Amino acid sequence: MWGIVLPILLGTLIYLVFSPDAYVTRAFWYVLHVGNPFAQVKLSEMPWGIRLLRYYLSDFLWAVALMQSVILILGKENRLLAGAIGTVFCFICELTQLINTIPGTFDVRDLAMEGIAGFLVILS
């Protein structure tokens, strides 16, 4: 269960701190009825390592949680199928960003990180 919860929490924490303008972040602080204490964070002014965390580690972590969730539903004996389902889902999410159906920025590197996450989950 921690294989699902921990990646979601870490990915969310990265967004809350380093993506003050993201719709998820704005919704989070709105629901809490609190002003965003990280509103002044400018990712463009951060070191490359922080930008790497924000842009790719969060997607990696969420993909891990997704794949682990599908494995939990399908069973460990169906890891390969779970990885395929998770990867297709991630691809569709990125594609919808490309065609502006959902907010976000399409990035091939996101797909690579999500694919790596799926591969590592299948191997574990």
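The values are calculated or read from the model by the stated rules, or taken from the named source; none is laboratory data. Note that the structure is predicted; figures quoted are calculated from it, not measured. Don't worry about glycine lacking a Cβ; one is built from the backbone with ideal geometry, like all the others, and counts go over all protein chains shown.
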Filtering the stretch 1-30 down to residues that are touching a residue at least 40 places away in the same chain (Cβ under 8 Å) and of a type in the set (Gly, Ala, Ser), which residue is farthest from residue 57 (Cα to Cα)? 3
Would a scan of the stretch 15-36 turn up a residue that is touching a helix residue (DSSP H, G or I) at 6+ places or on another chain (Cβ under 9 Å), over 22 Å from residue 90 (Cα atoms), among the aromatic types (Phe, Trp, Tyr) and surrounded by fewer than 18 Cβ atoms within 10 Å (Cβ to Cβ)? yes
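Of the residues that sit in the stretch 90-107 and are over 12 Å from the mean Cα position of the chain (by Cα) and either farther than 22 Å from residue 21 by Cα or charged (D, E, K, R) (or both), which one is modelled with the lowest pLDDT?
Residues of the stretch 90-107 over 12 Å from the mean Cα position of the chain (by Cα): 91-92, 95-103, 105-107.
Then keep just the ones that are either farther than 22 Å from residue 21 by Cα or charged (D, E, K, R) (or both); that gives 91-92, 107.
Values: 91: 89, 92: 91, 107: 82.
So, considering only residues that are over 12 Å from the mean Cα position of the chain (by Cα) and either farther than 22 Å from residue 21 by Cα or charged (D, E, K, R) (or both), the one modelled with the lowest pLDDT is 107.
Evaluate the following for residue 122: is it over 13 Å from residue 7 (Cβ atoms), in contact with a Lys or Arg (Cβ under 8 Å, 6 or more places away or on another chain), at pLDDT 85 or above and crowded, with 16+ Cβ neighbours inside 10 Å? Break it down stepwise before answering.
Working: over 13 Å from residue 7 (Cβ atoms): yes; in contact with a Lys or Arg (Cβ under 8 Å, 6 or more places away or on another chain): yes; at pLDDT 85 or above: yes; crowded, with 16+ Cβ neighbours inside 10 Å: yes.
Yes: the conditions hold for residue 122.
Return yes when residue 41 is in a loop (DSSP other than H, G, I, E, B), modelled with pLDDT under 90 and either of a type in the set (S, T, N, Q) or surrounded by fewer than 14 Cβ atoms within 10 Å (Cβ to Cβ) (or both) and no when it is not.
Numbers: in a loop (DSSP other than H, G, I, E, B): yes; modelled with pLDDT under 90: yes; either of a type in the set (S, T, N, Q) or surrounded by fewer than 14 Cβ atoms within 10 Å (Cβ to Cβ) (or both): no.
For residue 41, the condition - in a loop (DSSP other than H, G, I, E, B), modelled with pLDDT under 90 and either of a type in the set (S, T, N, Q) or surrounded by fewer than 14 Cβ atoms within 10 Å (Cβ to Cβ) (or both) - is not met.
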Given the condition surrounded by 11 or more Cβ atoms within 10 Å (Cβ to Cβ), within 22 Å of residue 103 (Cβ to Cβ) and touching a residue at least 24 places away in the same chain (Cβ under 8 Å), answer yes or no: does some residue in the stretch 71-84 qualify? no
Could you please give the count of residues in the stretch 55-68 that are under 26 Å from residue 26 (Cα atoms) and either exposed (fewer than 14 other Cβ atoms within 10 Å of the Cβ) or among the polar types (S, T, N, Q) (or both)? 1
The number of residues in the stretch 4-35 that are at pLDDT 90 or above and not in a helix (DSSP H, G or I) is 1
Let me spell it out: the conditions are (1) part of a helix (DSSP H, G or I); (2) surrounded by 14 or more Cβ atoms within 10 Å (Cβ to Cβ), and residue 52 meets all of them except one. Which number is the exception? (2)
Looking at the stretch 34-54, which of its residues are within 18 Å of residue 112 (Cα to Cα) and of a type in the set (A, V, I, L, M)? 52, 53
